[in-house]
Amino acid sequence: MATYNVLDDAFLSTVAGKRVLVRSDLNVPLDGTTITDDGRIRASVPTIRKLADAGARVVVTAHLGRPKGEPDPAYSLAPVSARLGDLLGDEVAFASDTVGESAQGVVAGLADGKVALLENVRFNAGETSKDDAERGAFADELAALADVFVSDGFGVVHRKQASVYDVAQRLPHAMGLLVAAEIDVLRRLTESPERPYAVVLGGSKVSDKLGVIDNLLGKADRLLIGGGMVFTFLKAQGHEVGKSLLEEDQVQTCLDYLDRAERTGVEILLPTDVVVADSFGDEASARTVAADAIPADALGLDIGPDSGDAFAAALADARTVFWNGPMGVFEVPAFADGTRAVAQALTGIVGLSVVGGGDSAAAVRTLGFDEAAFGHISTGGGASLEYLEGKELPGITVLES
């Protein structure tokens, strides 16, 4: 098993007076300049606070959204800086660029125990460049701002990007508290899960989950499938799916998965009823139909109530549960019950319940659940899935001692 430098007392004893560059994941949803879900900011606070309390000069770098390698005011981290300061209980200095004159000035003026946030790292083309030299040149500029690097942005560790991968090659480095916690949970899911082990997968596309389904068919005891991706499975069984989301090119793959599960004794649970409407939206008239009787002009938007009960029953005795992807369009109340049923079932798990980031984590908060009722809520859906696929995560392997 690989070992890593971590943010323990021995490491913290070395950082007083040093400039510590922390790669956090502050990619939060915004409505204009209003943060609508600050979960990732809150998750970043423990590492930043530990470093500041140890006397480090903490320089945080992060991204927001997908700007095209140049400044875009719509993706500024300025609102995040204000919220981070609120959570830390201390003002966070904000640099209006990432490695330019503002960043250099803010970092130079940072006192021991204080925190600064650099502007969106993706305003720089070098951050996400596929060209090693271009990415490396930008990493050189980032590394020049610091003496030490701490990787704490779990949501990006599956990306070979300058602030995630290349900077770690240029500075003494350690794994932050959040990343360490995420990796610990994922190891428990893959190396020695307590059984029964159930996996709930939803979201829109089967193609997004192919690798994880393939890998988990050899590890999980039960696989529960909902969300938009379920209609490709229903089509594989020969059912009409109407106007529902369908990936025709994945029908045979789904059929192969169903056959493989039957041969290997893995239970795959599909919904027996679905909530449909003639169109999508808040004003849509929802009705429940059998999963094998979806009208040709209907659009499936959630698993039905019988399926929600069945999914909850299938999770009741599980000792390990991983959930990634909502069961329906949870943002619309008429299509939120399936996701609510799964979330509610996870709160009763005696063992490890893991909410796999992304839309699943957003659903938990949107639907009003107490986050403390779940064993772990990941901050990185894509990173979690790639780990569960068995892929190496560049931002983790680069931290190996």
Completion exercise
Counting sequence-distant residues (5 or more places) and residues on other chains, those with an amide H built under 5 Å from that of Thr98 are Glu119
Completion exercise
Cα extents of the stretch 260-401 per principal axis, largest first, Å, are 57, 38, 29
Exercise for the section: Give the dimensionless ratio obtained when the Cα radius of gyration of the stretch 90-228 is divided by 2.2 N^0.38 Å. Expected result: 1.37
Practice task
For the stretch 266-401, give the share of DSSP beta bridges that are antiparallel, in percent and rounded to the nearest 5; count only bridges with both residues there.
Solution key: 55
Exercise for the section: Choose one of Ile183, Val150, Pro172: the residue whose Cα lies farthest towards the positive end of the charge dipole of the stretch 134-192 (beta-carbon charges +1 Lys, Arg; -1 Asp, Glu; about the Cα centre). Expected result: Ile183
Exercise for the section: Only Lys, Arg, Asp and Glu count, each charged at its Cβ (+1, +1, -1, -1), so figure out the dipole size of the stretch 106-219 about its Cα centre, rounded to 20 debye. Expected result: 520
Fill in the blank from the handout: At the level of C-alpha centres, the distance separating the stretch 274-297 and the stretch 132-184, in angstrom, is 46
Problem - Electrostatic dipole magnitude of the stretch 359-401 [Cβ: Lys, Arg +1; Asp, Glu -1; Cα centre; debye, to 20] - result: 100
Exercise for the section: Take every DSSP beta bridge whose two residues both sit in the chain, then give the antiparallel share in percent to the nearest 5. Expected result: 25
Practice task
Report, in deg cm²/dmol and to the nearest 500, the calculated mean residue ellipticity at 222 nm for the chain, where each DSSP H run with n ≥ 4 adds -39500 (n - 2.57) and the sum is divided by the residue count.
Solution key: -10000 deg cm²/dmol
Practice task
Taking the Cα centre of the stretch 1-134 as origin, work out the dipole magnitude from +1 charges on Lys and Arg Cβ and -1 charges on Asp and Glu Cβ, in debye rounded to 20.
Solution key: 240
Problem - Per-peptide average of other Cβ atoms within 10 Å, ordering 146-159, 82-95 highest first - result: 146-159, 82-95
Practice task
Specify which residue in the list Ala10, Val329, Phe280 is farthest towards the positive end of the charge dipole of the chain, using unit charges on the beta carbon of Lys, Arg (+1) and Asp, Glu (-1), about the Cα centre.
Solution key: Ala10
Handout entry: Column: log10 I(q)/I(0), Debye, Cα scatterers of the stretch 293-356, q = 0.13, 0.15, 0.25 Å⁻¹
Key = -0.37, -0.48, -1.05
Problem - Size descriptor, Kirkwood hydrodynamic radius, that averages inverse alpha-carbon separations across the stretch 109-183, Å - result: 13.1
Problem - Viscosity 0.692 mPa s, 37 °C: Kirkwood-radius Stokes-Einstein D of the stretch 169-307 over Cα pairs, µm²/s - result: 196
Fill in the blank from the handout: Full extension between Arg66 and Glu240 adds, at 0.36 nm per residue less the Cα distance, a length in nm of 59.0 nm
Problem - Protein accessible area in the chain, 1.4 Å probe - carbon and sulfur % - result: 47
Problem - Gain on full stretching of the segment that runs from Asn5 to Ala111 - 0.36 nm per residue minus C-alpha separation - result: 35.6 nm
Handout entry: Mean projected area (nm²) of the alpha-carbon convex hull when the stretch 41-162 is viewed from all directions
Key = 7.0
Handout entry: For q = 0.17, 0.22 Å⁻¹, Debye-computed log10 I/I(0) when each Cα of the stretch 188-269 counts as one equal scatterer
Key = -0.64, -1.02
Fill in the blank from the handout: Note to self: Kirkwood Rh of the stretch 33-86, Cα pairs, one decimal, Å, is 12.6
Exercise for the section: State in Å² the accessible area per residue of the stretch 1-99; use a 1.4 Å probe, count heavy atoms of protein chains only, and round to the nearest integer. Expected result: 46
Exercise for the section: Please tell me which of these pairs span more than 27 angstrom C-alpha to C-alpha: Lys235/Lys391; Lys50/Lys219; Lys18/Lys68; Lys160/Lys205; Lys205/Lys391? Expected result: Lys235/Lys391; Lys50/Lys219; Lys18/Lys68
Fill in the blank from the handout: Of the convex hull drawn through the C-alpha atoms of the chain, the volume per residue in Å³ is 140
Practice task
With a 1.4 Å probe and every protein chain left in place, work out the accessible area per residue of the stretch 129-234 in Å², rounded to a whole number.
Solution key: 32
Exercise for the section: Can you tell me which of 326-333, 346-353 comes out highest on packing, and rank the rest after it, using the mean Cβ neighbours within 10 Å? Expected result: 326-333, 346-353
Exercise for the section: Over the stretch 240-342, average the accessible area per residue using a 1.4 Å probe and give it in Å², no decimals. Expected result: 45
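The values are calculated or read from the model by the stated rules, or taken from the named source; none is laboratory data. Every value quoted in this text rests on a predicted model; they were computed, and no experiment measured them. Methodologically, a virtual Cβ is constructed for each residue, glycine included, from the backbone with ideal geometry; neighbour enumeration extends over all protein chains shown. Calculation scope for accessible area: heavy atoms of the full protein, side chains included, ligands and nucleic acids excluded. Shrake-Rupley method; radii C 1.70, N 1.55, O 1.52, S 1.80 Å.
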